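The values are calculated or read from the model by the stated rules, or taken from the named source; none is laboratory data. From a predicted model like this one, the values you see are computed outputs, not experimental measurements. Don't worry about glycine lacking a Cβ; one is built from the backbone with ideal geometry, like all the others, and counts go over all protein chains shown.
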Amino acid sequence: MAIFWHRYVSLVVYVQIRQLPLWLFLWMLSPGVVAAGREIETRILDLMERVPLIDGHNDLPLQLRKLYRNQLSKIDLHNINSTNTNIEKLKLGRVGAQFWSAYVLCNAQNKDAVRLTLEQIDIIKRMCKEYEEFELVTSSVGIEKSKKIACLIGIEGGHSIDSSLATLRMYYDLGVRYMSLTHTCNTPWAETSAHGLHHFYPRNTGLTEFGKKKNKGLVMVTFHTEFVSCSSTANVSTVADHFDHIRKIAGTASIGIGGDFDGVNGFPEGLEDVSKYPALIQELFDRGWNESELEGVLRKNILRVFTTIEQVRDNSNLKPDEAEISVNEVNNSCRLNFANIVIANKKHNISGKNSQEKDTSSVITIFSMLTCICLQVVLVR
Ligand SMILES: [Zn+2]
């Protein structure tokens, strides 16, 4: 009905402005395109061709591990159907750039989270190299220049760095461009909103003052049915309600899309896979969102944030933070305790370090750690 309403308005405008070109009039009356299970107006698809979506979160790499043990040779990503994501569907969904999630389960915290994360980065890089439709990029300019589906890497959850800023820096060197502070588990330095799901660091609360600062970032809306409806059913309208709400609270400049396809089991009716983004854009348009707002949601908002972060990086003279987290804070028996090694060496008269130096070198403030992390985080979800 909403589509017809818009056409009616268009027709009225035509009657009032008689000089309107014939081609524009015909275009207004042209039938919509049936795509993604609902009628999508040509103007929406044209908009998405002109301003392709940058989606902030897709868990296809997780499915590649779970279903295929990261054996890319066993599958064809063009038309694989065991996942929400394949290349054909990405094209139908007008996806221009995708942050692929290098996610490892919280249960890997204090075990092999770093190795698993590296393996997920590896599968993303291989995937983006092997398929000519993809191009791995690491900058906002890279996204804009790419004629393909630009691939970017994000890390989902601070447990992936094992409380090590050096590890975070090395991820950056490998091409990672954001890390969310937590997944569903606390880390030694940040509290998750998903209370009670995991036993890690239960006494941790909140973030430092730095973490609470406004950063003109983005809320990238997930489509996960349970998150958007608190039940097992939802539809495009349910998701659009969240967009309306965030628009009211924070403004349209603060909204992006992070569908979380292949990260969970339930997706709303009409938004079941990556081909269906146009249905959401159509719904928002029908609710009165103008083209400029939709361009922001699709692409321009995240490019703005990305560019701003790059400017901070390029204009600051900060040296890499050498702080270490203390063994006590991490409380992980798998960690090698270098303090003990120093003591052992002293007994053998090998180390010149005195205990005072040792104590000083192992001191860390969580504040400085989070400061550095936030500098490297493109967006925090
Ligand atoms: Zn995810």
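Assorted remarks:
- Residue that is modelled with the lowest pLDDT [pool: residues in segment 144-170 that are surrounded by fewer than 22 Cβ atoms within 10 Å (Cβ to Cβ) and either in contact with a Cys (Cβ under 8 Å, 6 or more places away or on another chain) or not in a loop (DSSP other than H, G, I, E, B) (or both)]: LEU165
- Residue, farthest from the ligand (Cβ to nearest atom), within segment 171-196, restricted to residues that are in contact with a strand residue (DSSP E or B) (Cβ under 7 Å, 6 or more places away or on another chain) and at pLDDT 95 or above: GLY175
- Near pairs, Cβ below 8 angstrom, 6+ apart or cross-chain, from segment 46-67 (under 12 Å from LEU298 (Cβ atoms)) to any residue that is within 11 Å of the ligand (Cβ to nearest atom) and not hydrophobic (A, V, I, L, M, F, W, C): ASP55/GLY258; ASP55/GLY259; GLY56/GLY154; GLY56/GLY258; GLY56/ARG381
- Helices (runs of 4 or more DSSP H) lying entirely in segment 50-136 (those with 3 or more residues that are modelled with pLDDT of 95 or more and away from the ligand (no atom under 16 Å from the Cβ)): 87-92, 113-130
- Check on HIS242, at pLDDT below 95 and away from the ligand (no atom under 15 Å from the Cβ): no
- Test: residue in segment 174-190 that is without any contact (Cβ under 8 Å) to a residue 24 or more places away in the chain and surrounded by fewer than 18 Cβ atoms within 10 Å (Cβ to Cβ): no
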